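Since the structure comes first, as structure tokens, the remarks are kept for the end.
The values are calculated or read from the model by the stated rules, or taken from the named source; none is laboratory data. It should be emphasised that the depicted structure is a prediction, and the values quoted were computed from it without experimental measurement. Heads up, the Cβs are rebuilt from the backbone with ideal geometry, glycines too, and the neighbour counts pull from every protein chain shown. For the accessible areas, the whole protein counts, side chains as well, though only heavy atoms, and no ligand, DNA or RNA atoms are used. Shrake-Rupley method; radii C 1.70, N 1.55, O 1.52, S 1.80 Å.
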Amino acid sequence: MTQGTQGYINQSKRISLKWALIGVLSFMTVYLVGILIMGSQKSYFTIVAVLLILPTAQRASQYFAYSPYKSVSTDLVDALSLKAYKTLFELLIIRAKATYFLDAVLISDTHVLILCCPNKKYKQDHNIIRQSIQHMLKDKGIQTTVLSYENTSSLMNDVKMFEVVSDPSNIKYIESIERALLQNGM
């Protein structure tokens, strides 16, 4: 499963936790086998065990980075899967030492609509998210309007108001926006 699809967050959490646990078991096994075989901590087994800690710590930190977030519902995916937009779900964007969780992003050749539902575990400022995404796209040479929403109903109201009909010749432009968002994701 790739970033930008429903279920990505939950799958990433599962995979990161699984590999972190495997790493801890591997570390402990190598370390203890070294002590049993060599009778001392001062062996190559200890060096190998210490080297196993590095990828284990990386996987554990990925798990903790994903832990406050949860996958979006199928109802939301069904409601936002519109022909006129390229839709991405569950984007975890890292920008300027800040992390933003975007529940959904609707991309057209005229604007980018971002849905960031409120959550008790983490707070997100929509003005900062909008400005950050706009600057990120501008850094890639993309000029477009970015709008941010806290709930699905206001997003859907604006979608109906815009009545976007994407020009098929602009598909490369839409794909460049999508690439820019996915490259800054986790």
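Name the residue that is nearest to Gly7 (Cα to Cα), counting only residues in the range 57-88 that are hydrophobic (A, V, I, L, M, F, W, C) and without any contact (Cβ under 8 Å) to a residue 40 or more places away in the chain.
Phe64
Between a first residue in the range 14-41 that is modelled with pLDDT under 90 and a second residue that is loosely packed, with under 13 Cβ neighbours inside 10 Å and outside any helix (DSSP H, G or I), which pairs have beta carbons less than 9 Å apart while being 6 or more apart in sequence or on different chains?
Tyr31/Gln41; Gly34/Ser40; Gly34/Gln41; Ile35/Gln41
Go over the candidates Ser81, Ser61, Ser71 one by one and state the one that is within 16 Å of the chain's Cα centre (by Cα) and either aliphatic (A, V, I, L, M) or under 23 Å from Leu113 (Cα atoms) (or both). Write out each step before concluding.
Values: Ser81 fails: within 16 Å of the chain's Cα centre (by Cα); Ser61 fails: either aliphatic (A, V, I, L, M) or under 23 Å from Leu113 (Cα atoms) (or both).
Testing whether each residue is within 16 Å of the chain's Cα centre (by Cα) and either aliphatic (A, V, I, L, M) or under 23 Å from Leu113 (Cα atoms) (or both) leaves just Ser71.
Out of Thr29, Thr46, which single residue is farther than 29 Å from Gln143 by Cα, of a type in the set (S, T, N, Q), assigned to a helix (DSSP H, G or I) and open to solvent by 70 Å² or more (accessible area, probe 1.4 Å)? Walk me through it before giving the result.
Working: Thr46 fails: open to solvent by 70 Å² or more (accessible area, probe 1.4 Å).
Of Thr29, Thr46, the one residue that is farther than 29 Å from Gln143 by Cα, of a type in the set (S, T, N, Q), assigned to a helix (DSSP H, G or I) and open to solvent by 70 Å² or more (accessible area, probe 1.4 Å) is Thr29.
Conditions (1) open to solvent by 40 Å² or more (accessible area, probe 1.4 Å); (2) assigned to a loop (DSSP other than H, G, I, E, B), marked per residue:
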residue	(1), (2)
Val50	yes, no
Leu82	yes, yes
Thr99	yes, no
Asp109	no, yes
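Give the range 160-174 a look and list any residue that's open to solvent by 40 Å² or more (accessible area, probe 1.4 Å) and at pLDDT below 80, or say none. Break it down stepwise before answering.
So in the range 160-174, the residues open to solvent by 40 Å² or more (accessible area, probe 1.4 Å) come out as 160-163, 165, 167-173.
Correct list: Lys160, Met161, Phe162, Glu163, Val165, Asp167, Pro168, Ser169, Asn170, Ile171, Tyr173.
Table: residues versus (1) on the phi > 0 side of the Ramachandran plot; (2) surrounded by 13 or more Cβ atoms within 10 Å (Cβ to Cβ); (3) of a type in the set (Phe, Trp, Tyr).
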{"position": "Pro55", "(1), (2), (3)": "no, yes, no"}
{"position": "Gln58", "(1), (2), (3)": "no, yes, no"}
{"position": "Ser61", "(1), (2), (3)": "no, no, no"}
{"position": "Lys70", "(1), (2), (3)": "no, yes, no"}
{"position": "Asp78", "(1), (2), (3)": "no, no, no"}
{"position": "Tyr85", "(1), (2), (3)": "no, yes, yes"}
{"position": "Ile94", "(1), (2), (3)": "no, no, no"}
{"position": "Ala104", "(1), (2), (3)": "no, yes, no"}
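Just the residues that are open to solvent by 10 Å² or more (accessible area, probe 1.4 Å) and of a type in the set (A, V, I, L, M), please, taken from the range 111-141. Even if it seems obvious, please write down each step before you answer.
The first filter runs over the range 111-141 and keeps only residues open to solvent by 10 Å² or more (accessible area, probe 1.4 Å), leaving 111, 117-128, 130-132, 134-135, 138-141.
Passing the criteria: only Ile128.
When you check Lys123 against the structure, is it among the basic types (Lys, Arg) and either in contact with a strand residue (DSSP E or B) (Cβ under 8 Å, 6 or more places away or on another chain) or not in a helix (DSSP H, G or I) (or both), yes or no?
Numbers: among the basic types (Lys, Arg): yes; either in contact with a strand residue (DSSP E or B) (Cβ under 8 Å, 6 or more places away or on another chain) or not in a helix (DSSP H, G or I) (or both): yes.
So Lys123 passes the test.
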